Amino acid sequence: MNVILAATLLTNCLLAVGEAPSLPDTSKMNILLIDIEDCNAAALGCYGNPICKTPHLDRFVQTAVRFDRAYVQAVCCNPSRTSFLTGYRPLTTRVTSNGQEMDAHLPEGMLTLPEYLKTRGLYLAVIGKLFHRTDYAEKQLSVFDRIEMYTPPPGWKGPGPVIKFPPVARPAGVPKPPADEKSPEYREWRRQQSDRYGDSGRAPEEEGDYRMAATAVALLKEFAQTKQQFFLAVAQSKPHTPLLAPKKYIDMYNPADIPDPPAPAESLVNFPYPKRAFGGNPDIFTLKQPTKQQSKEAIAAYYACLSMVDNHVGMILKALEETGLDTNTIVIVLGDHGFHLGDHGFWSKYSMLEATHRAPLIVRVPGAPGNGQACDQIVEFVDLVPTIGDLLKIDLPKDMEGISFAPLLADPNRPWKTAAFIVEDDGDAFGECVRTKKYSYMEFKKGAIPAALFDLEKDPWETKNVVDDPAYAQVRKEMAELLHAGWKKALPPGYSTDK
Ligand SMILES: [Ca+2]
């Protein structure tokens with residue numbers, strides 16, 4: 001049994017004899033943030049998926065709080081990350097789609113997580129992607145002391161890579177990318193690459209995600225020596241497309257064992273989704289829908305990518321334990337948003353349905369009484385910066401649009417938010433959504449349907465839009481009122497935004 005698990009059990013025993021749950025002093029703790037690209041929470045073994053294997057995350061979840069109802073505020077990378085790295089919602093950050101340069105859109109003076117942490121003097125390190133692109137976040141990236149395996153902003157003068165990896169040969173059959181990234185040829189090359197799934201043709205140690213984990217291990221060993229309070233963000237680029245992983249991970253899954261997607265492609269035919277009118281998808285199966293066999297193979301490949309990521313998370317957590325940093329480091333594992341695995345015939349993110357807007361969020365604060373429990377309360381990713389600010393006792397702007405969920409780390413079952421709010425803006429549809437524990441309601445300003453309502457308790461895969469069903473007239477009215485009233489109407493009991 002490791003130290004954290006033992007501490008969790010001990011804390012739970014103490015609680016059983018009647019002490020009020022509270023967090024230890026976290027203000028001097030380090031933060032390790034692992035962000036997993038395009039990660040469907042329900043696909044993870046550690047979230048209960050019966051096929052996908054994530055043994056390291058399974059073990060981590062036993063020592064952390066697993067949030068089962070964590071919702072992102074936007075349905076693709078750039079706006080979601082901008083929201084959860086600022087503590088403001090997409091309509092306030094003014095970043096609602098992937099094409100908008102974050103720094104040019106943020107209101108004057110709006111800061112991001114690393115900038116807040118810099119004010120507290122933390123040593124800042126990032127490995128791989130954190131913000132959507134370097135050129136969207138040059139000012140924000142410039143505060144990092146270390147930038148590893150990612151293009152630094154112009155003028156950044158940090159140390160070189162902690163590990164120098166040898167170049168990896170392009171696998172046989174993969175054409176060289178065209179040089180001009182703005183050319184139609186490059187876009188076509190990217191589309192073809194994104195459509196691939198299966199064996200990457202690489203050794204596990206050649207994968208970029210492995211190298212990011214190995215870099216994290218090296219930095220943690222360094223931090224254990226310097227003993228400076230740190231923030232380390234580590235990216236995992238999978239399971240973003242292309243769904244490629246080394247053969248040993250692909251071989252873990254037999255496509256024949258994968259059930260068909262639970263929401264058939266014929267459901268929600270009028271529901272707005274990019275490229276649907278053309279028969280394709282933005283990320284994979286870009287030109288046409290897959291056959292049943294291809295669908296099973298792609299889902300198996302997605303699971304393989306998750307098992308690979310799980311192995312890398314295991315490497316990082318092992319290093320944390322071996323260096324002794326685990327007792328003084330807050331660990332946050334999250335996905336930047338979800339991903340559709342063929343439900344409704346969708347094979348990307350970009351919807352306000354559950355597969356996109358629910359994402360994994362697992363948080364371990366050493367010594368937190370809630371560790372080892374699953375939290376069924378609604379939290380929003382916009383709460384991340386307020387939570388970290390709360391844990392590290394950083395003064396944050398009073399008008400932030402998330403709230404600290406630190407109380408749930410002490411007591412995961414206390415009453416909390418009654419709804420989450422999501423914005424969609426992918427060019428084909430602009431919409432807003434409110435999600436309660438029972439229902440999801442959304443309104444679209446463009447597209448074939450003006451509104452949708454799903455009864456998630458009766459119809460967890462959102463196959464039936466009941467917005468015009470007379471039996472749901474009252475629910476529709478209440479959900480529309482909540483959507484228009486906004487997030488302040490869904491705050492926990494007794495919670496005031498007048499801080
Ligand atoms: Ca993403």
TODO: Hey, could you check the stretch 230-253 for residues that are within 16 Å of the ligand (Cβ to nearest atom) and assigned to a strand (DSSP E or B) and say which is farthest from His312 (Cα to Cα)?
DONE: Leu243
Open item on the list: Show the residue pairs meeting these rules: Cβ distance below 9 Å; 6+ apart or different chains; first residue within the stretch 23-48 and within 14 Å of Ala64 (Cβ to Cβ) and within 16 Å of the ligand (Cβ to nearest atom); second residue assigned to a loop (DSSP other than H, G, I, E, B) and open to solvent by less than 10 Å² (accessible area, probe 1.4 Å).
Closed with: Leu33/Leu130; Leu44/Cys52; Leu44/Thr54; Leu44/Pro360
Open item on the list: Give me the helices (runs of 4 or more DSSP H) completely within the stretch 66-152, filtered to those with at least 1 residues that are away from the ligand (no atom under 16 Å from the Cβ), among the small types (Gly, Ala, Ser) and out of contact with any helix residue (DSSP H, G or I) (no Cβ under 6 Å at 6 or more places or on another chain), ordered by residue number.
Closed with: 102-105
TODO: Taking the options Ala420, Ala452, Ala480, name whichever one is open to solvent by 10 Å² or more (accessible area, probe 1.4 Å) and not β-branched (Val, Ile, Thr).
DONE: Ala480
Task: Meets criteria (part of a helix (DSSP H, G or I), of a type in the set (A, V, I, L, M, F, W, C), more than 16 Å from the ligand (Cβ to nearest atom) and buried (at least 17 other Cβ atoms within 10 Å of the Cβ)) for Leu57 - done: yes
- [ ] For the stretch 432-446, indicate whether the set of residues that are open to solvent by less than 90 Å² (accessible area, probe 1.4 Å), out of contact with any helix residue (DSSP H, G or I) (no Cβ under 9 Å at 6 or more places or on another chain) and over 25 Å from Pro282 (Cβ atoms) is non-empty.
- [x] yes
Task: Single unsatisfied condition, Pro460 versus (1) part of a helix (DSSP H, G or I); (2) surrounded by fewer than 16 Cβ atoms within 10 Å (Cβ to Cβ); (3) not acidic (Asp, Glu) - done: (1)
Task: Residues of the stretch 220-243 satisfying the condition of being closer than 21 Å to Gln140 by Cα and either of a type in the set (Lys, Arg) or open to solvent by less than 20 Å² (accessible area, probe 1.4 Å) (or both) - done: Phe230, Phe231, Leu232, Ala233, Val234, Ala235, Gln236
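The values are calculated or read from the model by the stated rules, or taken from the named source; none is laboratory data. Remember, predicted model here, so these are calculated numbers, not experimental data. Neighbour counts are summed over all protein chains in view; Cβ atoms, including those assigned to glycine, are modelled from backbone coordinates with ideal geometry. Protein only, heavy atoms only, side chains kept; ligands, DNA and RNA dropped before computing areas. Shrake-Rupley method; radii C 1.70, N 1.55, O 1.52, S 1.80 Å.
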